[in-house]
Structures are given as structure tokens and as C-alpha cells.
Amino acid sequence: MNSDKIIKGTYKPDDVTLLLKDVTDLVTPVTTEEKERLIQSGTHYSELLQKEWEPSDDYLEFYRKTLDHFSPVISQLVATVSAEIIKDKWENTVLVSLARAGTPIGILIKRYIKYRWDIDVPHYTISIIRDKGIDKNAMNYIVEKHGEKWIQFIDGWTGKGTIKEQLDNSLAQYHKETGHHIKPDLAVLSDPARVADKWGTREDVLIPNACLNANVSGMLSRTFLKDGIIGEKDFHGCARIEGDNDFTYTFIDKVVDNFSKIKTVRMKGDSVLCEYAGVKYLFNEKEKEITPQEEIKEIVKVQGLPSAKHCKPSIGEATRVLLRREPWKILISDKAENLEDVKLLCVLAKEKGIPIESYPLKNYKAVGLIKVLH
């Protein structure tokens with residue numbers, strides 16, 4: 001590994017090892033409008049970096065209130081999924097977060113494992129890109145250091161389940177090419193798509209680091225892959241984002257502060273009632289009358305969209321539509337309109353002038369729809 005090429009964000013080295021090439025001075029960011037036009041004209045999103053959105057003071061104030069409310073919830077989800085990981089892999093665990101949203105979650109899981117079991121597990125961040133696959137050079141690096149058996153992939157949440165499908169396909173191809181058999185074992189905090197192997201909950205829950213871009217992700221961009229910039233032996237790329245609004249450790253530390261306050265989870269039928277730090281939160285784990293995949297197809301048909309690529313389900317993905325794409329409108333579950341989960345999403349939609357519609361969602365609390373450019 002050529003350390004001169006490795007990106008240096010604002011993450012602490014003890015928290016994560018970044019296996020990403022620094023392309024900061026090699027790529028010119030485009031505007032959101034330019035990015036959307038290029039993507040819908042056939043350019044792959046991984047060949048573009050966009051100018052990062054700067055949150056307004058009003059939005060940041062609402063974000064802080066949301067973080068205060070949800071940090072105990074996130075602590076509980078981290079504890080739940082960490083227990084599943086330790087039960088499966090114990091001290092052999094090697095955490096591999098999928099950049100960029102997975103990285104803060106991987107840090108929280110690493111921190112909780114150390115807090116609860118006094119085990120210091122290694123943690124890496126690597127790139128996986130839809131349609132192009134996982135970073136094979138990064139995988140080779142990890143396998144050479146730790147072997148292939150104990151790797152646990154980490155992401156924040158699932159939307160349609162696209163990244164899980166990509167992980168499955170990438171590791172099957174990696175096995176053919178290298179002979180290494182790595183289980184596509186994915187752990188997330190929130191799994192409304194019902195595709196992850198380990199999860200904190202299968203309810204669509206607000207994960208606060210979905211509410212900001214680089215500002216809560218070590219001041220790093222999305223990952224990048226383009227011939228001529230990323231060489232055959234390079235890790236996938238990533239750029240540093242300049243700015244003063246770095247809330248990465250505001251998020252991480254706030255969640256970690258609640259580790260000592262987590263109490264027992266009580267079962268109530270098909271739901272899980274979490275009580276801790278003065279907050280009660282009910283997770284509904286019951287199977288719905290329609291699968292997430294069927295619901296997405298139905299939304300695409302009812303909304304007259306050309307394909308599922310224009311439909312981004314889950315609170316996290318709907319927020320990403322507002323932050324990084326050209327949104328058409330936001331659908332909010334008619335049962336979630338007054339819940340804390342969607343308030344920040346609605347604030348952002350109103351700030352950007354994007355319509356919000358009530359919709360009878362079953363598996364999700366929100367869905368973002370991307371504008372079709374003709």
C-alpha cells in the first residue's frame with residue numbers, strides 16, 4: 001500500500017484504516033444539475049464527483065435536535081447488531097465498512113465491541129460501486145492481512161437492496177478470479193429492504209448520518225472509479241472536501257455517550273420496545289402484506305416512472321435524493337407524517353422547494369423520486 005496515495009480525512013486512525021486513493025487534485029467536481037444530466041445521459045455516477053451541498057444554519061439547528069433525539073435509538077441499534085456480529089465471529093471479527101455511509105457506523109460498532117467485550121477489532125473502509133463492483137485491490141490487502149473467513153461488511157441502512165446484490169455478485173466474481181471464498185455478510189442498522197444478514201431493526205429508521213454528506217463522513221466525497229485516474233493497482237478513489245462544518249465526531253461521540261444507558265429490549269408481540277436514556281422507541285418487525293421489492297414496483301407504476309432507478313426508498317435514500325440528485329417529489333407514509341423520523345427530511349424538502357405527498361407506504365416511511373430529464 002502506497003501511503004502517499006491514501007486519502008486522509010478527519011477520521012481518527014485508531015477508528016478506521018481508509019483503503020481509498022486520494023483523487024482530490026485529479027477530479028473537478030460538477031454541479032448537481034450537471035451530474036443529473038450526465039447520469040441520465042449514460043455516464044456512470046462513479047466517474048463523477050459533485051460539489052457538496054452546504055447545509056443552512058436552520059437545517060443544522062434542526063439536525064442537532066434530531067441527533068439529540070435519535071442518538072439513543074442509534075446506540076441501541078449499534079448494540080443489537082454488534083451482538084450479532086460477536087456471536088458469529090467473536091474476537092476474529094474484521095470490520096469492513098462500505099464507503100461512505102458505512103464508515104461512521106463501522107466506527108460505532110468497533111467502539112461498542114471494545115466497550116462491551118473489550119475486544120479491539122480491525123476496521124477498514126473500502127469502496128463498492130453499483131454495476132462496477134467491489135474494490136478488488138482493497139479486498140486483496142485485507143485478505144493478505146487477516147484471511148478470508150472473518151470479514152464482516154458494514155453499511156448504514158438498506159433501501160432497495162442494490163448494494164447487497166452488488167456485494168453478492170462482486171464476491172462471487174472475486175472467488176472465481178482469486179479462489180478466495182468471502183461470505184457476502186452484510187450488517188446494517190436499519191434493513192427495511194429485508195436483505196441484510198445482520199441488522200439492528202428491519203424498520204425504516206432515521207440514521208442521522210444520512211442527513212448530511214461529507215460533513216458527517218470524515219469530510220470525504222463519495223468513492224470514484226474512472227480509467228486514467230484510477231490505475232490497475234490503485235484503490236478506488238475519494239476526494240477531500242474543504243469546509244468548517246465537520247460534524248463527524250459530533251455524531252459518533254453523541255451515540256457513544258449513550259452506550260452506558262442502553263437497557264434491556266422487551267418483546268411485545270411482533271414489535272420490539274426499546275427503553276433507555278428516557279426514550280421509548282417501538283420497532284415494528286412484523287412482515288408486511290407486500291414485500292419491499294413488490295412495493296417499489298408498484299410505486300414506479302403508479303408514479304409513471306421509467307424505471308426503479310428513479311425511485312429511492314427509505315428515509316436515508318430519500319434524504320440522499322434531496323442532497324445529491326435532482327428530486328421530483330418526496331413520498332411520506334401516511335402513518336409516519338407526524339413522526340420524528342421524517343421531520344428533518346420534510347424540513348430539507350421544504351427548504352429546497354420539493355413537493356411532499358402522503359402515500360400509503362408499507363415497508364418504508366419515505367421514498368424519494370428523482371426527476372426524469374427529457
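Identify, please: which residue in region 70-81 is open to solvent by less than 40 Å² (accessible area, probe 1.4 Å) and of a type in the set (Ser, Thr, Tyr) and is, among those, nearest to residue 119 (Cα to Cα)? Only one residue fits best here, namely 75.
Please enumerate the residues belonging to region 97-115 that are out of contact with any Leu (no Cβ under 7 Å at 6 or more places or on another chain) and at pLDDT 95 or above. Give the derivation first.
Narrowing region 97-115 to residues out of contact with any Leu (no Cβ under 7 Å at 6 or more places or on another chain): 97-98, 101-104, 107-108, 111-115.
Passing the criteria: 97, 98, 102, 103, 104, 107, 108, 111, 112, 113, 114, 115.
Scanning region 2-45 for residues that are touching a residue at least 24 places away in the same chain (Cβ under 8 Å), of a type outside the set (Lys, Arg) and farther than 30 Å from residue 253 by Cα yields a count of 9.
In the set 144, 84, 165, which member is closer than 24 Å to residue 221 by Cα, surrounded by fewer than 23 Cβ atoms within 10 Å (Cβ to Cβ), out of contact with any helix residue (DSSP H, G or I) (no Cβ under 7 Å at 6 or more places or on another chain) and not polar (S, T, N, Q)?
Working: 144 fails: closer than 24 Å to residue 221 by Cα; 84 fails: closer than 24 Å to residue 221 by Cα.
None of the other options fit; the residue is 165.
Looking across region 20-60 at every residue that is basic (Lys, Arg) and open to solvent by less than 40 Å² (accessible area, probe 1.4 Å), the one that is farthest from residue 228 (Cα to Cα) is identified as 35.
Can you tell me which of 67, 95 is open to solvent by less than 10 Å² (accessible area, probe 1.4 Å) and touching a Ser or Thr at 6+ places or on another chain (Cβ under 8 Å)?
That would be 67, the only listed residue that is open to solvent by less than 10 Å² (accessible area, probe 1.4 Å) and touching a Ser or Thr at 6+ places or on another chain (Cβ under 8 Å).
If I filter region 123-134 for residues that are open to solvent by 40 Å² or more (accessible area, probe 1.4 Å) and outside any loop (DSSP other than H, G, I, E, B), do I get at least one hit? Scanning region 123-134, I find no residue that is open to solvent by 40 Å² or more (accessible area, probe 1.4 Å) and outside any loop (DSSP other than H, G, I, E, B), so the answer is no.
Only one of the numbered conditions (1) in a helix (DSSP H, G or I); (2) open to solvent by 10 Å² or more (accessible area, probe 1.4 Å) is not met by residue 363, and that is (1). For region 100-110, residues that are closer than 16 Å to residue 13 by Cβ and open to solvent by 10 Å² or more (accessible area, probe 1.4 Å) total 1.
Residue 17 - would you say it is polar (S, T, N, Q), under 28 Å from residue 139 (Cβ atoms), within 22 Å of the chain's Cα centre (by Cα) and surrounded by 15 or more Cβ atoms within 10 Å (Cβ to Cβ)? Taking the combined requirement at face value, the residue satisfies it. For the condition free of Cβ contacts under 8 Å to residues at least 24 places away in the same chain and farther than 23 Å from residue 110 by Cα, residue 176 qualifies. Could you list, in sequence order, all residues of region 11-59 that are over 30 Å from residue 113 (Cβ atoms), out of contact with any helix residue (DSSP H, G or I) (no Cβ under 6 Å at 6 or more places or on another chain) and acidic (Asp, Glu)? Of everything in region 11-59, those that are over 30 Å from residue 113 (Cβ atoms), out of contact with any helix residue (DSSP H, G or I) (no Cβ under 6 Å at 6 or more places or on another chain) and acidic (Asp, Glu) turn out to be 25, 33, 34, 36, 47, 54, 57, 58.
The single residue among 197, 191 that is acidic (Asp, Glu), in contact with a strand residue (DSSP E or B) (Cβ under 6 Å, 6 or more places away or on another chain) and open to solvent by 20 Å² or more (accessible area, probe 1.4 Å) turns out to be 197. The criterion of at least 1 residues that are touching a Lys or Arg at 6+ places or on another chain (Cβ under 9 Å), farther than 28 Å from residue 364 by Cα and modelled with pLDDT of 95 or more is met, among strands (runs of 3 or more DSSP E) falling completely within region 146-252, by 151-154.
Is one or more of the residues making up region 340-356 out of contact with any helix residue (DSSP H, G or I) (no Cβ under 8 Å at 6 or more places or on another chain), crowded, with 17+ Cβ neighbours inside 10 Å, outside any loop (DSSP other than H, G, I, E, B) and at pLDDT 90 or above? Looking for residues that are out of contact with any helix residue (DSSP H, G or I) (no Cβ under 8 Å at 6 or more places or on another chain), crowded, with 17+ Cβ neighbours inside 10 Å, outside any loop (DSSP other than H, G, I, E, B) and at pLDDT 90 or above, one finds none in region 340-356, hence no.
The values are calculated or read from the model by the stated rules, or taken from the named source; none is laboratory data. These figures come from a predicted structure and were not determined experimentally. Cβ sites come from the backbone with ideal geometry, for glycine too, and all protein chains shown count toward neighbours. Ligands, DNA and RNA are stripped out before the accessible areas are found, and what is left, the full protein with its side chains, is counted by its heavy atoms. Shrake-Rupley method; radii C 1.70, N 1.55, O 1.52, S 1.80 Å.
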